[in-house]
């Protein structure tokens, strides 16, 4: 992330200088500050909401039943997670929320899943393979029906906005599979990390 | 479509209803439980805030400096002979950073080239099948304070690029 951030910021500064948009650059930085605060304020609300709800699930014991139910599917991919570990449930809930396109619910549940995965981590600031796998599946996004996109297409007068459903599902499945494949490829070629 | 979207809209309320009723039936003090879980929320977000800020600075300055337009023009030189609309790359570049920004670009494409054009179709499929990768990375890693990410970032970049290529080929084949 250090490299990515450095490169993007440097490119921006150089281009701002060349294009004579230094004032725009400064303005954009302050806008970024404002936008970050807005997004975080918004997140405080929903993250707390979902944490509250999952706490009820935890106290009622339902979370352990759920995790047992989804255990076979998740443990196929996440082989090193012990049975009945809470991360199985939080990951399952996050992936389900993604699947149904519930972005608002997916982020808090994903954060919860990362915290649960962190409890299995022996080196605090170093990522585990399970975390990488979870993030890669997340960022390649498995979504069944892209409601926002269809809604926008429809509102701009598309004849048949639903035609994008099939290619979206195919693309998302192929790209998720490819992403996991690439991750395993990297794992194979960096044995020293394991 | 309406029935499906209705069913999806009902998912969260149904889930909340079920959670609360189940908890009550099991003798859980649901209100106290909810509050004790929810109080952790603000701490998590305070931890995430600097990461989100860093990402937003990168995105906003990248757009404002004209670097984004430059890269888009570079792509259009490559894309034109292949009959790929250059606008598609705008969505592909911005989507990994910010959902809101990519929605804006998508809306622009819908307006300028029509909702049933090839550009709109490709952009729509990218919108649906790509994620806000760097935002997710910043938030998820920030939440647990992971600094050493090994090969995660290159994997995500490679996966995103493959995803866009897959979408372009797929939409070309289907329409």
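Here, each number is a calculation from the coordinates, and none is a lab measurement. Everything numeric here is computed off the predicted structure, so don't read it as measured data. All Cβ positions, even for glycine, are placed from backbone atoms using ideal geometry, and neighbour counts span all protein chains on display.
So here's what we get for this one:
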quantity	calculated
Overall form of region A:49-116 per C-alpha gyration tensor (a/c, 1.5; a/b vs b/c)	oblate
Top of A:155, A:90, A:75 by mean-square fluctuation, Gaussian network on chain A, Cα under 10 Å	A:155
Helical mean residue ellipticity (222 nm; -39500 (n - 2.57) per DSSP H run of 4+; nearest 500) of the protein assembly as shown	-25500 deg cm²/dmol
Inter-chain Cβ neighbour average for residues B:19-29, partner chain, 10 Å	4
Normalised contact order of chain B, rounded percent, pairs of Cα under 8 Å and 6 or more residues apart	20
Chain A: relative contact order as a whole-number percent, Cα under 8 Å and 6+ apart	14
For region B:40-108 versus region A:74-137, the gap between their alpha-carbon centres in whole angstrom	26
Packing-based order for B:40-53, B:70-83, B:134-147, using average beta carbon neighbours within 10 Å, highest first	B:134-147, B:40-53, B:70-83
Between region A:145-160 and region A:1-58, the alpha-carbon center distance in angstrom	28
Span per principal axis, largest first, for the Cα atoms of chain B (Å)	67, 44, 28
Within 10 Å of each Cβ in B:38-51, the average number of Cβ atoms from other chains	6
Global geometry of region B:71-115, whether rounded, prolate or oblate, following the gyration tensor of its Cα atoms and the 1.5 cut on a/c	oblate
Shape metrics for chain A, restricted to C-alpha atoms - Rg then Dmax, Å	20.2, 60
Residue with peak Gaussian network fluctuation, chain B [Cα springs, cutoff 10 Å], from B:160, B:32, B:116	B:32
Exposure proxy order (Cβ contacts within 10 Å, fewest to most) of A:29, A:91, A:132	A:29, A:132, A:91
Equivalent ellipsoid, region A:147-194 (semi-axes from 5 times Cα gyration tensor eigenvalues, Å)	38, 10, 5
Inter-chain shielding of A:38-44 (mean C-beta neighbours from other protein chains, 10 Å cut-off)	6
Top of A:106, A:73, A:32 by mean-square fluctuation, Gaussian network on chain A, Cα under 10 Å	A:32
Calculated over the protein assembly as shown: convex hull of Cα atoms, volume per residue (Å³)	142
